[in-house]
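Below you'll find the structure, written out as structure tokens, and then a few comments.
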Amino acid sequence: MTDIMVKDGVYVQVHYTGTLEDKSVFDSSEGRGPLEFKVNSGSVIPGFNDAVLGMALEEEKEIILPPDQAYGEPHPEAIREFPAQVLQGNKIQVGQVLGFNSPQGPVHGRVVSMDTDKFEVDFNHPLAGKTLTFKLRVVGITDTPTQASCGCGCAPNTDCGTTCG
């Protein structure tokens, strides 16, 4: 092993596979480039950030993150009711993800219920309340980023709801 270790402020490149408690994969870097982020920049969930601290190049580990180290617990106040008129005749289905504009910018929510005069949308993160398992492998540790930024605040090759690629 090398003596280069992941520490605060470095850029780390990580290959990972994330699974739920039922072992289903919810995200993976397989087939694409590694996830790159600056350690302790707040750009990844806390438990993922903390797990790479102290890891060496090519080191692998598996971590289990409870909700408080991942996407938190779901908040009931993040489920909002809307009058059906706002759909202007557009048909929606339970489970469908809709985009909305908010004072903080675009947000997405999943339709959780519908009836003739109203519908409810859940704006919680889809992984809120879930325990997540990650298999990690550090493939790079650098002082500067190695991947071009797309300007959307996410790492390239990650699903941030934009055209990052």
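No lab work stands behind these numbers, since they all come straight from the coordinates. Please read these numbers as outputs of a predicted model, since none were measured by experiment. For neighbour counting, all protein chains shown are included, and Cβ atoms are generated from backbone atoms with ideal geometry for every residue, glycine included.
What the phi angles of the range 67-72 give under the Karplus curve with 6.51, -1.76 and 1.60, with θ = phi - 60°, is a coupling list of x, 5, 9, 10, 9, x Hz, glycine and proline written as x. Amide H contacts under 5 Å for K118: A84, restricted to partners 5 or more places along the chain or on a different chain, H placed in the peptide plane at 1.01 Å from N. Magnitude of the charge dipole for the chain, about its Cα centre and with charges confined to Cβ atoms of Lys, Arg (+1) and Asp, Glu (-1), is about 380 debye. Residues in the range 121-129 carry Karplus couplings, in order, of 10, 9, 9, 5, 4, x, 9, 4, x Hz; the curve used is 6.51 cos²θ - 1.76 cosθ + 1.60 with θ = phi - 60°, and Gly or Pro positions show x. Counting Lys and Arg as +1 and Asp and Glu as -1, what is the net charge of the other residues whose Cβ lies under 13 Å from the Cβ of A70? Residues close to A70 contribute a combined charge of -4.
Full extension of the segment from I4 to R32, taken as 0.36 nm per residue of separation minus the current Cα-Cα distance, would add 7.6 nm.
Residue by residue, the range 4-18 carries 3J(HN,Hα) couplings of 7, 10, 6, 9, 3, x, 7, 9, 10, 10, 10, 8, 8, 9, x Hz when phi is fed to the Karplus relation 6.51 cos²θ - 1.76 cosθ + 1.60 (θ = phi - 60°); x denotes Gly or Pro. In loop segments of the range 75-136 as defined by DSSP, the trypsin sites (Lys or Arg not before Pro) with at most 16 further C-beta atoms inside 10 Å of their C-beta are K91. Length gained on full extension, N40 to Q88, computed as 0.36 nm times the residue gap minus the Cα-Cα distance: 12.9 nm.
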